[in-house]
Amino acid sequence: MAGPTDITGLLVKWSQGDKNALAELTPILYDELRRVAARVVRHEPQNLTLQPTDLVHEAFIRLTDQTRLTSKDRAHFLALAARAMRQILIDHWRRRRAAKRGGGIKISLEAGKDVAAAAPPEIIALDDALRALEKIDARKAKVIELRYFGGLTTAEIAEVLGISTATVGREIRFAQAWLYRELKGEREDRGGDR
Amino acid sequence: MAETVEDRDWWRRVEEVFAGALDLPEADRAAYLEKACAGDATLQAEVQSLLRYETVSQEGLDRVVAEAAATYASERASDNEVSSDLGLRVGRFQIVRELARGGMGVVYLGVRTDSDYAQVVAIKLIRSGLRSDRFVRRFRAEKQFLASLHHPNIAMILDGGSTPDGRPYIVLEYIEGDPITSYCRQRKLDLSARVQLMETVSKAVGYAHRHRVLHRDLKPENILVTREEVVKLVDFGIAKLLEPDSEHARQTTSSFRFLTPAYASPEQIAGKPVSPPSDVYSLGIILYEVLTGRHPWEEFRSTPYKLFMEANRKTPPPPSRSPGGDPELKRRIDSDLDKVVLKAMARDPSERYATAQELAADLERWRLQMPVSVGEHGRLSRFWRTVRKNPVASGAIAVAVLLAAALAGVIWRQAAVERRWRASTYPELARARDFMAKQLAAGGDVRAAADSFADCLRYLRQAAEAGAADSALDPLKAQCSTGAAWAALRQDQAEKAAALAASAVETARSIGQPALLAAALFADGDARSRRGDVSGADERYREACNVVAPGMDLSLASPTPQTAEQWLEFCREVPPTETPTR
């Protein structure tokens with residue numbers, strides 16, 4: 001199992017431009033996020049408003065030796081984790097759907113836990129909207145990912161993307177509004193059909 | 001959408017106007033929009049719409065992701081059946097449910113999807129810092145070695161590769177079993193059964209070594225015992241696939257990653273090259289734990305660093321004096337077995353058994369009451385080894401030597417052997433005897449068999465003369481006498497057979513083991529019959545049938561299983577005698 005030293009070393013190497021380090025880091029991060037998710041809820045079963053960003057920060061603390069990292073390293077780690085977190089949440093729902101359809105295997109589920117009973121989740125709609133936004137304005141989509149799935153501060157986002165904090169603030173507010181409108185699907189609100 | 005210059009311009013204008021409006025208090029926005037849009041009603045409507053959503057969007061989006069995260073997390077925690085890897089396809093297989101979680105990753109139950117027959121497999125998704133492309137390359141390189149391992153006690157590796165999200169995986173034969181340590185504990189196996197299990201394990205590891213595959217991560221969790229008491233070693237050679245690249249190992253100190261500290265050899269921990277003795281070391285630690293019920297450094301298991309220090313500094317107390325551990329088991333561990341275990345787990349690789357096969361051989365010798373290679377009596381051990389290496393020695397002679405050596409050992413180390421003797425060596429001896437009997441039955445070298453029984457009796461006599469024999473040796477005496485009688489009959493030496501059988505009957509009577517007595521009586525009956533003493537033979541057969549209870553297992557006492565069947569059948573036809581014979 002990878003200890004803090006490994007990850008920290010990989011992070012440092014990655015932020016120094018070693019692409020191999022990223023390839024090694026990613027699976028570890030995915031796995032840690034999955035484990036943290038399970039752990040957090042086991043400890044706080046009543047917590048129904050778990051922020052994914054909490055998971056990301058928890059993973060960060062568990063995986064790295066923070067004394068060896070600069071704030072830049074930290075921001076880059078969180079950016080990576082934001083991507084992973086988004087992917088994990090989306091994959092989860094997509095796989096549930098696949099499992100529900102059968103896919104050649106039968107899975108016994110306890111009564112009341114049937115995935116077919118669950119409503120189509122808004123997170124999928126959000127992901128679709130984010131993908132649409134990516135096509136129009138990739139930087140805005142990235143800003144949202146960092147903010148909502150990684151919990152990066154405005155300053156950290158600015159650091160990662162190499163833009164000013166003022167720009168980050170503007171991008172967030174516009175993208176939030178645009179996405180939320182997409183999510184709610186009230187397109188008739190939009191002027192014209194552009 | 002933003003595919004054309006026109007679209008991009010439009011998008012930028014919306015952004016600009018939107019940003020301008022945000023800078024103003026809400027009361028001033030309407031006027032601003034009128035002015036900024038300069039009559040472009042579409043633009044104005046678009047920005048107004050976005051502004052309406054802006055006020056609630058942050059809260060709304062937070063809620064969406066928080067709900068998704070909470071649902072995801074609670075399902076991860078409460079329902080492993082719906083883990084995120086469920087339904088995932090890896091190569092020709094699909095993940096069905098989770099089996100176990102460990103430091104190396106998660107193990108899932110999987111099924112084969114590209115075929116009609118249902119092949120159930122174990123799929124290991126590995127949590128590793130290893131790049132998946134490197135893993136796949138290595139797996140391909142190692143595959144032929146791993147695939148060459150065909151052994152009933154080694155689980156097959158079926159496939160390997162990497163998942164879409166870049167995690168290495170390995171597909172293995174699915175084994176339903178318990179780790180050897182829990183298996184022994186749950187079934188309360190006695191010492192001899194435990195030694196035998198570890199002997200099987202060591203032989204399997206020896207087999208892999210001969211095929212140039214090291215395990216590198218032997219631990220109880222990788223040694224499973226099925227309900228049918230079949231030992232299966234899993235994860236053979238996998239540790240090598242997962243080793244960090246050498247240059248990385250230095251930089252990231254990640255070479256620890258796939259070690260199981262409690263069972264890894266000192267050279268592995270030091271990052272030095274591994275060799276067969278490294279596996280032997282792990283076997284030694286496991287052996288210690290299996291025999292005593294306690295890991296040699298149990299108190300340090302949760303603190304790997306201390307464990308390394310301890311393993312590097314101190315030799316643990318011999319298993320028989322292990323602090324803690326099962327007293328019942330420890331009482332029966334003698335100094336020979338102590339030495340075998342300590343030799344296997346020696347810190348210096350050159351002081352260990354060179355191969356797992358050698359360890360297996362010593363365990364077998366111990367089980368069969370023979371002097372072990374590390375025992376106090378080097379002379380005997382050397383003798384034994386010479387004989388074993390001598391290809392001229394027929395099987396029967398080998399067994400004769402086995403018995404002879406065991407008995408010589410008895411004479412010199414009576415106390416130790418006696419303890420073992422009482423731990424029901426009868427079945428073991430019967431196996432040796434079966435071997436000789438098989439030689440007899442298969443028309444093998446009768447003379448060699450006869451000689452071996454004669455040797456057995458000679459050593460027993462010597463033991464008696466040395467004052468080292470007692471009643472504990474009587475079953476052996478009865479068996480060897482009976483065996484010698486059978487051999488003599490085969491050689492048409494009726495007189496000799498009769499004398500031997502009579503002695504066997506006398507000894508067997510004193511022990512009170514019906515099966516042994518019955519065998520001796522049948523031999524005596526046969527000898528009398530051969531000499532023409534029909535009524536004497538009849539008397540012996542009847543007495544034998546009186547001793548034999550219906551359904552009694554005679555297989556251990558008869559020259560062949562067929563003979564046992566014949567006896568039982570014979571006795572069913574013989575009416576029971578009213579007055580029991582002496």
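Computed quantities for the displayed model
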item: Unsatisfied cross-links (Cα-Cα over 22 Å) in the set B:Lys124/B:Lys219; B:Lys124/B:Lys240; B:Lys240/B:Lys343; result: B:Lys240/B:Lys343
item: Shielding by partners - mean other protein chain Cβ count within 10 Å, residues of A:140-150; result: 1
item: Extension gain from B:Asp538 to B:Tyr32, taking 0.36 nm per residue of separation minus the Cα-Cα distance; result: 169.5 nm
item: Computed accessible area, B:Ser350, all protein chains, 1.4 angstrom probe, square angstrom; result: 100
item: In order through region B:528-543: 3J(HN,Hα) via Karplus (6.51 cos²θ - 1.76 cosθ + 1.60), integer Hz, x for Gly, Pro; result: 5, 4, 5, 7, x, 8, 5, 5, x, 4, 4, 4, 5, 4, 4, 4
item: When each of A:Lys140/B:Lys35; A:Lys13/A:Lys142; B:Lys232/B:Lys477; A:Lys19/B:Lys272 is checked by Cα-Cα distance, pairs over 32 Å; result: B:Lys232/B:Lys477
item: Partner chain coverage, peptide A:167-174 - average Cβ within 10 angstrom; result: 4
item: Accessible area that becomes buried as B packs against A, both chains, 1.4 Å probe, Å², nearest 100; result: 6500
item: Residues whose placed amide H lies under 5 Å from that of B:Ser162, excluding near-sequence neighbours; result: B:Tyr169
item: Average beta-carbon neighbours from other chains, 10 Å sphere, peptide A:17-30; result: 4
item: Full-stretch length increase - B:Ser275, B:Asp62 - with 0.36 nm per residue and alpha-carbon distance subtracted; result: 71.1 nm
item: Chain lengthening between B:Glu495 and B:Val136 when straightened (0.36 nm per residue, less Cα-Cα); result: 121.9 nm
item: Under-5 Å amide H pairs with B:Val106, H placed in peptide plane, nonlocal only; result: B:Leu125, B:Arg127
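The values are calculated or read from the model by the stated rules, or taken from the named source; none is laboratory data. Keep in mind that what you see is a predicted model, and the values were worked out from it rather than measured. All Cβ positions, even for glycine, are placed from backbone atoms using ideal geometry, and neighbour counts span all protein chains on display. Surface areas here come from the heavy atoms of the whole protein model, side chains and all, with no ligands, DNA or RNA. Shrake-Rupley method; radii C 1.70, N 1.55, O 1.52, S 1.80 Å.
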